[in-house]
Amino acid sequence: TNLSEDMGAEQKARTTYEYLINMTTDRGVIETLSFLREREVVHFQRFGESLRLVQEWKDSKKFY
């Protein structure tokens, strides 16, 4: 897979967790889903950082 696909999967998971959070009133379920949603946000940010670093490296002049 590539980073763009991984980022899309993280976004989809976050959206799913938000949907499920809105479907329940159980505090324990909400806390668990909120944790998982926030974890997806962090993953998305890290994938974005990785993608930026790879793009910067590809765009840089290389000297051998």
Note to self: Every residue in segment 36-64 that is among the basic types (K, R), closer than 19 Å to L20 by Cα and open to solvent by 90 Å² or more (accessible area, probe 1.4 Å), please.
What the structure shows: R39
Next item on the list: Select from segment 9-64 the residues that are assigned to a helix (DSSP H, G or I), among the aromatic types (F, W, Y) and modelled with pLDDT under 90 and list them in ascending order.
Entry: F44, F47, W57
Check: Is there any pair with a first residue in segment 6-28 that is on the phi > 0 side of the Ramachandran plot and among the small types (G, A, S) and a second that is loosely packed, with under 15 Cβ neighbours inside 10 Å and not in a loop (DSSP other than H, G, I, E, B) whose Cβ atoms are under 6 Å apart and which are 6 or more apart or on different chains, and what are they?
Finding: none
Item checked: Selection count where residues are surrounded by 13 or more Cβ atoms within 10 Å (Cβ to Cβ) and hydroxyl-bearing (S, T, Y), scope segment 24-35 -> 2
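The values are calculated or read from the model by the stated rules, or taken from the named source; none is laboratory data. What you see is a predicted model, and the numbers here were worked out from it, not measured in a lab. Methodologically, a virtual Cβ is constructed for each residue, glycine included, from the backbone with ideal geometry; neighbour enumeration extends over all protein chains shown. Please note that ligands, DNA and RNA were not included when accessible areas were found on the heavy atoms of the full protein model with its side chains. Shrake-Rupley method; radii C 1.70, N 1.55, O 1.52, S 1.80 Å.
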